[in-house]
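Values in this text are rule-based calculations from the coordinates and carry no lab data. The model shown is predicted, which means the values in this text are computed figures rather than measured ones. Here Cβ is always computed from backbone atoms with ideal geometry, including for glycine, and neighbour counts include all displayed protein chains.
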Amino acid sequence: MSQNNAPDQSSMWGGRFAEPTDAFVARFTASVDFDKRLYHYDILGSIAHADMLRDIGVLEAAEHRAIVSGLASIRGEIERGGFVWREALEDVHMNIEARLTELVGEAGKKLHTARSRNDQVATDVRLWLRDRIDAADRQLSTILTCLVDSASEHADTVMPGYTHLQTAQPVTFGHHLLAWFEMAWRDRDRFRDCRRRVNVSPLGSAALAGTTFPIDRAATASALGFDQPAANSLDAVSDRDFALEFCSAASVAMVHLSRWCEELVLWTSPQWAFVTLPDAYCTGSSIMPQKKNPDVPELVRGKTGRVVGDLNALLVLMKGQPLAYNRDNQEDKLPLFDAADTLLDCLQAMQGIIAAMRPNRAAMRSAAQAGFATATDLADYLVVKGVPFRDAHDSVGRAVALAIDKGIGLAEMELADLQALSPRIEADVYAVLTLEGSLAARSHLGGTAPGAVRAAVEAARRRI
Ligand code: ARG
């Protein structure tokens, strides 16, 4: 015990030490500041462990009752803000255990039988992450539903489709939203896949080699909702690949959100004016009174860098570690917590934006009309009339050049002018030069025709 009689590390592991921990080293090695947020999972894990210790006869029924009720009081103290976290006790695990012994005496000292902080922390982090994955899953499900509803409403709202950010061919806004849907659907799938490997119990691995007590690992695993106990104790206490997988899935999801946000930033600028965001999701400028800035999409785009950085930090954290547990692993928490917090915030932001954004049909239509978006349709028309595609491409290129000269669109060109470029062109050409004609022609699976988009909406609803 230290001089003021508050418990410190020496009460937990100080037996072989002849001098106290250096004050700087105590601060340097402590993680309680950031790992205290695991308290709920730490207590769940301790209760499952204590139940199992009672069942195998290591704890008396009375000791078990004292431990479980002590842990419940500690949970109450923490949630009321009355718990005193001590840096001297390093981490969440030793803080809770020391308090338990203060509260219930000798029984508290028995809780750590057949356990180590190494399997304890790996268990806590997996339980914490599983809840975050489930939260991300719920948010992505809401986003998927919003996207499908909006796609259904805009199955025939025409807009320019782009390649190289140059007007390419007309598409429907519904089709564009369903492209976002596909990205989000794969993101949700990646988190579900990752969850299977997160949901494995390290408990019972103890420090690295297991324990001499006849523990029941299947019982603790199932009490904590894990699918199974981890098969190898060395692996279970040391690897953090489940965190890498989560950060990797989170990075991909964030990159998708970032791309959507980039589009929203473009679409909300007055030069495009395709979409209006509600005032509640924008901010103003302190100097330019006319400004309504898309800060929320910009921040989602910006925060993507944080999550990709978190993944990178974890990859580098792991690369040099020999088996089994090393203290390096304590550094997994800040990047993992940050990636999950940032992801969940950004999914919430995106959910709000998608539900509230209002597309401007007139602006989208006039932009689609302005960029010779139906030029490919004209070339396809010539191919159907027997012209080889390369020749058709050339003739249409010359038609576009002429239209640019005259300051008109392809649909406004005189039939005689078109026929001068290719004699195969007839009066029926105008049907393919309209935006609606162009859309309707792409009616196959995955195409942009309103009918195909409606079919895709129905198929998407069945997949959510
Ligand atoms: N705070 C530690 C961590 O987060 C807990 C495990 C410490 N184990 C040890 N043997 N020092 O990784």
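Kirkwood Rh over alpha-carbon pairs of the chain, then Stokes-Einstein at 37 °C and 0.692 mPa s: what D in µm² s⁻¹, rounded to an integer?
124 µm²/s
Give the longest segment of the chain that steers clear of GluC sites (Glu not before Pro) in DSSP loops with at most 13 neighbouring Cβ atoms within 10 Å, not counting the sites themselves.
It works out to 61-413.
Run the quick spin-label model on residue 463 and residue 321: label points 7 Å from Cα toward the beta carbon, then report their separation in nm to one decimal.
3.5 nm
What percent of all Cα-Cα pairs in the stretch 329-451 falls into each 10 Å bin, going from 0 up to the bin containing the maximum distance?
Bin by bin from 0 Å, the calculated values are 11, 30, 21, 12, 12, 9, 4, 1.
For the stretch 1-144, what is the per residue volume of the convex hull drawn over the alpha-carbon atoms, in cubic angstrom?
Once divided by residue count, the hull of the stretch 1-144 is 139 Å³.
Can you give the relative contact order of the chain as a percent, counting alpha carbon pairs under 8 Å and 6+ residues apart? Mind dumping the intermediate values first?
Numbers: 656 pairs, mean separation 73.9, N = 464.
Computed value for the chain: 16 percent relative contact order.
For residue 109, project a label point 7 Å along Cα to C-beta. Then give me every residue of the stretch 63-87 with its amide nitrogen under 17 Å of that point.
63-64, 66-67
Under the 0.36 nm per residue contour assumption, what length would be gained going from the current alpha-carbon distance of residue 401 and residue 218 to full extension?
58.5 nm
When the Karplus curve 6.51 cos²θ - 1.76 cosθ + 1.60 is applied with θ = phi - 60°, which whole-Hz ³J(HN,Hα) does each residue of the stretch 248-263 get, with x for Gly and Pro?
In residue order, the calculated couplings are 5, 4, 5, 5, 5, 4, 5, 5, 5, 4, 5, 5, 4, 5, 4, 4 Hz.
Using the basic label-point model (7 angstrom from Cα toward the beta carbon), what is the residue 26 to residue 259 distance in nanometres?
5.2 nm
Let me spell out the model: positive unit charges on the Cβ of Lys and Arg, negative unit charges on the Cβ of Asp and Glu, origin at the Cα centre of the stretch 1-102. What dipole size does that give, in debye rounded to 20?
The dipole magnitude comes to about 180 debye.
Round to a whole angstrom and tell me the spacing of the C-alpha centers of the stretch 291-368 and the stretch 44-99.
Distance between centres, Cα-based: 35 Å.
Checking a compactness column here: for the stretch 275-378, what do you get for Rg(Cα) / (2.2 N^0.38 Å), N being the number of residues?
Dividing the Cα Rg of the stretch 275-378 by 2.2 N^0.38 Å gives 1.68.
Please report the orientation-averaged projected area of the stretch 33-96, defined via the convex hull of its C-alpha atoms, in nm².
Average of the hull's projected areas for the stretch 33-96 equals 4.3 nm².
Got a sec? How would 211, 172 order by Cβ neighbour count within 10 Å, fewest to most?
Working: 211 17, 172 28.
The order, fewest Cβ neighbours first, is 211, 172.
Expressed in nm to one decimal, what extension gain is obtained for the pair residue 196 and residue 393 from 0.36 nm per residue of sequence separation less their Cα-Cα distance?
Numbers: separation 197, 0.36 × 197 = 70.92 nm, distance 5.12 nm.
Between residue 196 and residue 393, full extension yields 65.8 nm more.
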